[in-house]
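What follows is a single structure, written as structure tokens, with notes after it.
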Amino acid sequence: MIDIHSHVLFAVDDGAKNLEESIKLIEEAVSLGYTGIVCSAHYKISKFENRRYDEKFNILKEEVLKRKLPISLYKGNELDLREKVLKVLDNVYTINDTRYILVEFSRPLIYEAYIKIIDALIERGYIPILAHVERYPYIKLQDFMKLYDKKVIFQMNLTTVKTMSKKVKFLLEEGYIQVVGTDAHRVGSRDYSVLGHLNKLKKIVGEERFLQLTKENPRKIVMNEDINLETRREKKRNEKVLSFNGVFRFIFRKLFNGINGTRCNSKG
Ligand SMILES: [Fe+2]
């Protein structure tokens, strides 16, 4: 599994406080089966602005190597969307230097204002991933659908799996949510004690979707590959079309072969 949303990088935001805490969190993640973590520290203008991010990232990476922890660390940020962000994009890390950028709506800005920023990001070639979709009760389902139509990726925090609202449950079960993350911050509270949540998620969505949400899609994000955004309804519809086409092709082949066969016979 790869966790695309975490605050394990120490002393950059409100996540891990020091190197020791970063390592403890990473050890927990490894024991759970994670093989990759994106250090998606908050980027909040005037509050968290990647101060000495690179230096701390290198220290953490070296420590992980020294301790032979079998995990890859990737750079990233969780960008707090507000009007001014377009001016600071050069300082913000996308996930592993790909087109994917993790973003959050952190205050009840007017929805239209968010959409303008999302559109501007898409225009510049980014693929926004909306962090913890469960945190926006003020966004109506139809507005989520508009974001989905713009190919915004929805990420859900794993801990939400036990307390999902009807809306989030719908988004998860119908296949609108494409990736889960831990949003791990610190040891003892928001950490990697998520085994129960992983099991619950598997129970709800089934093995295949579980692997997509925790492993395949996060891998595609980190590798800058496209994600299949097909929802459950679309998948069913496409399967019907495919099976109809299959039947049609079968009948056509039978007829065509039949005609050929007749010709052969007549020649003989
Ligand atoms: Fe976060």
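Nothing in this text is a laboratory measurement; each read-out follows from the coordinates by a stated rule. Predicted model only: the values in this text are computed from it and were never measured. Cβ placement follows ideal geometry from the backbone for every residue including glycine, while neighbour counts extend to all protein chains displayed.
Below are the figures for this structure:
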{"quantity": "Straight-distance crosslink candidates among lysines, where the alpha carbon sits under 23 Å from LYS66 and sequence neighbours closer than 8 are dropped", "calculated": "LYS17, LYS24, LYS56, LYS75"}
{"quantity": "Taking the chain and dividing mean pair separation by its residue count, relative contact order in percent (alpha carbons under 8 Å, at least six apart)", "calculated": "19 percent"}
{"quantity": "Rg/Rg_ref, the range 1-72, where Rg_ref = 2.2 N^0.38 Å and atoms are Cα", "calculated": "1.05"}
{"quantity": "Degrees, to the nearest 10: 232-267 long Cα axis against longest axis of the chain", "calculated": "30 degrees"}
{"quantity": "Cβ-based charge dipole, the range 122-225, positive-most Cα from ILE139, ILE129, GLY181", "calculated": "ILE139"}
{"quantity": "Amide H contacts of ARG190 (H built 1.01 Å from N, under 5 Å, at least 5 apart or other chain)", "calculated": "HIS185"}
{"quantity": "Dipole magnitude of the chain about its Cα centre (Cβ charges: Lys, Arg +1; Asp, Glu -1), debye to nearest 20", "calculated": "1300 debye"}
{"quantity": "Surrounding net charge for THR182, when Lys and Arg each add one and Asp and Glu each subtract one, Cβ distance under 11 Å", "calculated": "-3"}
{"quantity": "Most to least packed among 12-18, 183-189, 88-94 [average Cβ atoms within 10 Å]", "calculated": "12-18, 183-189, 88-94"}
{"quantity": "Cubic angstrom per residue, convex hull over Cα atoms of the range 2-229", "calculated": "114 Å³"}
{"quantity": "CD proxy at 222 nm, helix term only [per DSSP H run n ≥ 4: -39500 (n - 2.57); per residue of the chain; nearest 500]", "calculated": "-14000 deg cm²/dmol"}
